Every structure is written in C-alpha cells, then in structure tokens.
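Colleague: Submitted below is the structure of interest, expressed as structure tokens.
The values are calculated or read from the model by the stated rules, or taken from the named source; none is laboratory data. Model, not experiment: these values are computed from the prediction. Here the Cβ is made from the backbone with ideal geometry for all residues, glycine too, and neighbour counts use every protein chain on show.
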Ligand code: WT7
C-alpha cells in the first residue's frame, strides 16, 4: 500500500517496525514521571523548571490594546499548579471536563495546563461561537467548570445555565468578586498554594476533548490522551523545526485543535517561547509582530496568507524579518501561489502540513530534507504510514496506485490518534477499517510519495480554516417559524476558502423577500455566532433529496458553481459511506 516509489527517491513509507521504533525513541525523550505516569502539562512546563530553565520565557502575550507581558516557565508552572489545586478544592475529579471560552489571554494557558495537571480534561470552545454551538458543546462534554470572561458569560452563557445541570462553576477571568453563579478566577488562584505533588495521570488517561463536526448529527467530542504529547513534541520538532529558545508564533486560536496541539503543547514541550497575539488579523500588525518579536518560526493558515497577499508585499517592506527561519501552514489547501509568494516576500516557502482533530498531530508535511512541492501537502512524517484507498462495501480496503484518486488513510499506531468520540462508540468505530484510520479526505499520492489534497468526501466545509458541519447551521435555521427546509454548502471565496451559503425552502404562507432573507441571516448569526453564521442565503422552492430523503448538498453546490454533473458523479462515486 505504499503508493509506489521510484528507484532514486526515498521510500515514501517505512516498515511497521521502523515506525514503532520512531515512537519508542520519542517516548524515551520525555522527562517522564515515576511509576510510568505521564502528563502533558508536566512535559510542557515542569520538565523545564526542573532542569533549571524556569527563567526562560514561555509566553510573550501581546494584548489588543498594546500591552506586552512576558510569562516565564517558572511562573507558568506555579500558576498552573495553583489552578490545579483550585480544581481539586472544587471537587473536580479525574477525567471531568473543564471548558474554556476566552479569547487569546494568558488565563487560557493557565487553565489548559492546570486542568491537565489536575488529571481533569481540557476542552476549548471557540470564543466566536454563538450561544447555540456553546450550549451543545457544554452539554455534550458534561462540563463541570467553565473559564470565561464577564462579557462572554453575559452574552453567550448566562441564559443557558439552567439547561446545564452538570456545570458547577463558572470562573470569570476579569472580575475580582464572585457574582451570582460565578466566581473570580484570580481570587480562586490567589487562595491556593503554588506547590503540588507530581501528577498521577497514566499515558492513556483522557486529557483533551476537541469538538469536531461531521455531515450529520451534533458535533463529536474527539478524545485525546496524555501520551499524545509524544507526538506533539516530535512533530513540533520534525515538521515545524522547533528548537529550544526559538521564538515561535502559531496564529491559530486555542479554541480549536491547532491552537492547543501547536499553540500550547508542541512548542512548550520543545522549550520555545510562544508569541500570543490577542488581536484579530491585521496585516500591518502582523508584520510588526514578526519583526519586533524576532519570530523564528511561524505557523499560520492559508486564509491569513491570502489576506497578506491581497494587501501586497509593500506592507512587509521596512520590517526586519531576518529572524524568520521556518514558515508553515495548515488547515486548508495552500495553493502554489501562496507557497511561492512566501519565497518572494520572506525568501522562503510556506511548508504545508496536513492533519485533523482526530489525528491530534501533524501527519503529512513538506518537511526535512525533501524539497517543498508547491501545492502538495508533503510526505508522511517519520512514524506515520499513509495510503490512498478505495472503500468497498464488501471486502477490505482497495489500495490505489500513484495519482489515483481515493481516500487518504493512516495506519493506526501513533500516540496522538484520538481514542474515541465521547459517548459515541458507533461513530468512532466507523472511522476505522483493516487497521487503518479513514480520514474522509480525498487525495492522491504521486510516485515520489507526496500527497495532494482534492477535497472532502463528506459535507463539512472549511471557512477561514474552521471546520463547520451542515447539521448545526441547518438546525439553527430550522428553528425559525418560516423555514421548512435548509441545505448548507461551502461556496468558494477568494479569502475564506469557503463561505457558508444556505438554501432555504419556506413554509406555506411565507413569501421570499429581501427583508425575510436579512431576518433569517440575522437569526442564524445571533444563534450561531459570527464564525459559524451563513453569509449568503438563497430561497428555493424545494431542495433536491435522495430517495431516502437526505438533502443532496453536493447537487446544490454543483448547481451553484455551474459544475458539470459529470464532475459531481465522479465525486459521488468516491463518496465514502456516511461516518456519522
Ligand atoms: C480537515 C481537518 C488542520 C488541523 C487541525 C484542524 C482539512 C487540514 C489541510 C491541508 C488541505 C487540509 C482537511 C482535513 N485540511 N490540513 N494542508 N490541505 N486541507 O483539523 O478542523 O479537524 O480539519 O482540514 O479536509 O480533513 P480539523
């Protein structure tokens, strides 16, 4: 299943034995804990304080109003110990979920690390979600504690409280006094000791919960365990070239998996200094940060790269970007123009990397000594075996040859592979066949072992790098009295990758109008929040459906884009059975 190789190119995949050795060696590099225990936060922070690196800067926080604060590894160790002690005092047990709903503020890092030290499970929520996605995630995770800000609490959470019986504590990061139903994060910390016994978590204890979406059903909570840190640390080094002392900026929000795996864990375990910018994208600000903070490694996303390209390379002029050593991208296809633009403006290409919430860490990347192939996601990292297959309803997966279109699959066996969808065994089982994890992405592999992304085999879309499933968007609109049926598609956009477009059929008695269109868009935005809200809405008489009554979103999309139906049938021929 290796997709073929030529004599003069390195083999694209290693043997199972070599892969096992990669992970064994990576495991041996951890600081480790007595009795075979393992803990992500210990590896991220305390390993450095214990080896005398407590004074190294862990985090440079840039506030949106111009503040700049440095937090050293030693301080991060003490603050996260305090938060872990506080959780214990609150009676939060092993495996219970602690959610965070904040912007990019230092408290978010303390919450994540303290939660992990306490043996509880960290579950980040994106702050641009509206009340509806937040409610579903808080309920499904059975969150015991939520860390958030006073404003986000008022706007998005307070009205949900009575529907969330499991939620015992809401801790606000920006108040000094407890209010009705809330406590002060900082007061709580101040009352705790900054010392703690060693964490007692096992390598396969649940550590992180990341929600992700499929075509059908509510979002799925992907479970990751403490030993995922083995993969975070190794891939940070191999795919992002992280080295101790580097200044590293990951622009992803810790409300999503990239911002946790590569915005917190991978960099800290590798002893680098993180740059954390609280503000939203702003090209001039970004060039200033790269120059002033002397960023060495930069991990960003195609949406941002496209926006920088649009502003033009003049904006980079006058900034000393000579500290930049390595640039990488993730989350959506990075087109060759983006890669080459990096070369022109920064004197080096962007390195595309591919992975998913479920894989927990980077699997495929333009990395190491191999030249970047613009437009390709790259090659599997050491320890990873990837292949292109066709699923068959009866019988094993069928391996495909070079340049044949099929589903990208990964041989099970790396430490950051997710261990379940919370309370959803059937959906988890459906992700595996014959010892392979089925990614749901369509791709090809060329004769030199490089992988090329083609699209998804399901109906989820990427908007500004965020994965959005149709179920949440359609369900929100269906709550409006005028709406009979809804179908969501991704509509290509020069910057966001895709924007969310919905097709709406009205109930009888309602007439399509511009006013109603605006009302429905506003209705969806209030419930879903700006990150998930549809940007376009079109009225239709009815929606195309399969014989079993499923909305044919692919047909809606093909019509919208004027694609010949021939293209559609090819895609559908590849379409995998609905995992959800
Ligand atoms: C989906 C996973 C990105 C990791 C964290 C978010 C798409 C990811 C690439 C890439 C083209 C990519 C895939 C994948 N994707 N990286 N380099 N080129 N597409 O994980 O939210 O679970 O999204 O993002 O479709 O399945 P996620």
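Colleague: Could you check how many residues of segment 335-358 are under 23 Å from residue 468 (Cα atoms), surrounded by 19 or more Cβ atoms within 10 Å (Cβ to Cβ) and either more than 8 Å from the ligand (Cβ to nearest atom) or at pLDDT below 95 (or both)?
Modeller: The qualifying residues number 0.
Colleague: Follow-up question, since we're still on this one. Which of the residues belonging to segment 528-550 are touching a strand residue (DSSP E or B) at 6+ places or on another chain (Cβ under 6 Å), at pLDDT 95 or above and not in a loop (DSSP other than H, G, I, E, B)?
Modeller: 536, 537, 538, 539
Colleague: For residue 398, indicate whether it is out of contact with any strand residue (DSSP E or B) (no Cβ under 8 Å at 6 or more places or on another chain) and modelled with pLDDT of 95 or more.
Modeller: It is false that residue 398 is out of contact with any strand residue (DSSP E or B) (no Cβ under 8 Å at 6 or more places or on another chain) and modelled with pLDDT of 95 or more.
Colleague: Still on this structure, I have one more. Based on what the data block shows, is residue 312 closer than 29 Å to residue 65 by Cβ and within 16 Å of the ligand (Cβ to nearest atom)?
Modeller: Here the answer is no, as residue 312 does not meet what is asked.
Colleague: Answer with yes or no whether residue 394 is surrounded by fewer than 17 Cβ atoms within 10 Å (Cβ to Cβ) and under 30 Å from residue 341 (Cβ atoms).
Modeller: no
Colleague: Mind telling me which of the residues 178, 222 ends up being in contact with a strand residue (DSSP E or B) (Cβ under 7 Å, 6 or more places away or on another chain) and modelled with pLDDT under 95?
Modeller: Exactly one of 178, 222 is in contact with a strand residue (DSSP E or B) (Cβ under 7 Å, 6 or more places away or on another chain) and modelled with pLDDT under 95, namely 178.
Colleague: Kindly indicate whether residue 266 is within 14 Å of the ligand (Cβ to nearest atom), under 19 Å from the mean Cα position of the chain (by Cα) and surrounded by 22 or more Cβ atoms within 10 Å (Cβ to Cβ).
Modeller: Taking the combined requirement at face value, the residue satisfies it.
Colleague: If you go through segment 180-199 one residue at a time, how many are outside any helix (DSSP H, G or I) and touching a residue at least 12 places away in the same chain (Cβ under 8 Å)?
Modeller: The total comes to 12.
Colleague: Okay, moving on. Test each condition in (1) closer than 14 Å to residue 231 by Cβ; (2) crowded, with 23+ Cβ neighbours inside 10 Å; (3) away from the ligand (no atom under 13 Å from the Cβ) for residue 365 and report the one that comes out false.
Modeller: Evaluating residue 365 over (1) closer than 14 Å to residue 231 by Cβ; (2) crowded, with 23+ Cβ neighbours inside 10 Å; (3) away from the ligand (no atom under 13 Å from the Cβ) leaves (3) as the failure.
Colleague: Tally time: how many residues in segment 460-487 are in a loop (DSSP other than H, G, I, E, B), buried (at least 21 other Cβ atoms within 10 Å of the Cβ) and either more than 18 Å from the chain's Cα centre (by Cα) or away from the ligand (no atom under 12 Å from the Cβ) (or both)?
Modeller: 0
Colleague: Output the residues belonging to segment 238-257 that are within 16 Å of the ligand (Cβ to nearest atom) and surrounded by 24 or more Cβ atoms within 10 Å (Cβ to Cβ).
Modeller: Result: 239, 240, 250, 254, 255, 257.
Colleague: While we're on this one: Answer yes or no as to whether residue 428 is more than 11 Å from the ligand (Cβ to nearest atom), buried (at least 16 other Cβ atoms within 10 Å of the Cβ), in a strand (DSSP E or B) and in the same structural domain as residue 392 (by TED's automatic domain parsing).
Modeller: no
Colleague: Please state which one of 381, 397 is in contact (Cβ under 8 Å) with a residue 60 or more places away in the chain and in the same structural domain as residue 435 (by TED's automatic domain parsing).
Modeller: 381
Colleague: Right, another one. Being under 25 Å from the mean Cα position of the chain (by Cα) and over 20 Å from residue 138 (Cβ atoms) is the filter; apply it to segment 154-212 and report the residue that is farthest from the ligand (Cβ to nearest atom).
Modeller: The qualifying residue farthest from the ligand (Cβ to nearest atom) is 202.
Colleague: From the list 368, 378, 401, pick out the single residue that is under 30 Å from residue 208 (Cβ atoms) and more than 23 Å from the chain's Cα centre (by Cα).
Modeller: 368
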